[in-house]
1. As a test, work out the antiparallel percent of DSSP beta bridges whose residues both lie in region 58-155, rounded to the nearest 5.
2. If R0 is 45 Å, what FRET efficiency do you get for Asp15 and Phe154 from their C-beta distance, rounded to 0.05?
3. Amide H neighbours of Ala92 under 5 Å, at least 5 residues apart or on other chains, H built in the peptide plane: list them.
4. With n ≥ 4 as the cut-off for DSSP H runs, can you work out [θ] at 222 nm for the chain, using -39500 (n - 2.57) per run divided by the number of residues, rounded to the nearest 500?
5. Among Ala26, Ala100, Ala124, which one shows the highest mean-square fluctuation when the chain is modelled as a Gaussian network with alpha-carbon springs under 10 Å?
6. As an exercise, identify the chymotrypsin sites (Phe, Trp or Tyr not before Pro) in region 1-74 lying in DSSP coil whose Cβ has no more than 13 other Cβ atoms within 10 Å.
7. Please determine, in degrees from 0 to 90 and to the nearest 10, the orientation of helix 68-83 with respect to the longest principal axis defined by the Cα atoms of the chain, where the helix direction is its Cα long axis.
8. Any chance you could check the Cα centroid distance between region 93-130 and region 1-71 for me, in angstrom?
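Read the figures in this text as sums done on the coordinates, not as results from a lab. Predicted, not measured: the structure shown is a model, and the values here were computed from it. Cβ atoms come from the backbone with ideal geometry, glycine included; neighbour counts cover every protein chain shown.
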Amino acid sequence: PFVTESYNKHRKTADEWQIPDAEGYARSRTEKECYDAFQSLEYEVNTLHTANGQTPFVTFGFGLGTSWESRLIQASILRNRIAGLGKNRKTAVFPKLVFAIRDGLNHKFGDPNYDIKQLALECASKRMYPDILNYDQVVKVTGSFKTPMGCRSFLGVWENENGEQIHDGRNNLGV
């Protein structure tokens with residue numbers, strides 16, 4: 001919702017100031033805002049240290065969203081990682097990135113998010129991340145989809161009071 005709210009804010013500004021290409025202006029400002037937000041988040045995570053010198057172990061799982069907003073977020077994550085940290089463009093260790101590939105979504109040329117997958121592969125070739133996760137295989141083996149938390153920790157199945165499996169919004173504080 002925040003990407004949409006940012007777009008609407010910039011669109012309103014463009015309309016108020018009678019900017020000729022209001023849509024283009026709003027998209028451009030929103031794209032910059034999203035990129036800057038992920039850049040800030042990546043710097044925050046990598047400069048925050050515990051008493052024993054560790055950075056927070058954070059994992060982002062992504063790759064499945066097809067809306068303009070979702071695609072913008074995914075591209076911002078990947079472009080930030082490709083750019084690197086600081087003047088020496090060091091590779092960020094965290095957040096760990098896990099990109100899901102799914103048939104019909106981003107796997108093959110012509111899929112709606114094929115370009116995002118190509119960006120993920122470019123990022124992986126330059127920065128060792130994201131890890132690539134095969135959506136269809138995870139579902140085949142486990143019965144549902146979820147991304148790992150860190151290098152190897154998958155959350156176990158959890159069902160709500162209606163017996164529905166819940167994956168979104170969960171976390172693991174002590175692997």
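1. Numbers: 2 of 10 bridges.
Once the DSSP bridges in region 58-155 are tallied, antiparallel ones form about 20 percent.
2. That gives a FRET efficiency of 0.45.
3. Correct list: Leu85.
4. So the calculated ellipticity at 222 nm is -15000 deg cm²/dmol.
5. Among Ala26, Ala100, Ala124, the largest mean-square fluctuation in the Gaussian network model of the chain belongs to Ala26.
6. Numbers: sites: Phe2, Tyr7, Trp17, Tyr25, Tyr35, Phe38, Tyr43, Phe57, Phe60, Phe62, Trp68; in loops: Trp17, Phe57.
Those satisfying the criteria are Trp17.
7. In the chain, helix 68-83 runs at an angle near 80 degrees to the longest axis.
8. That distance is 19 Å.
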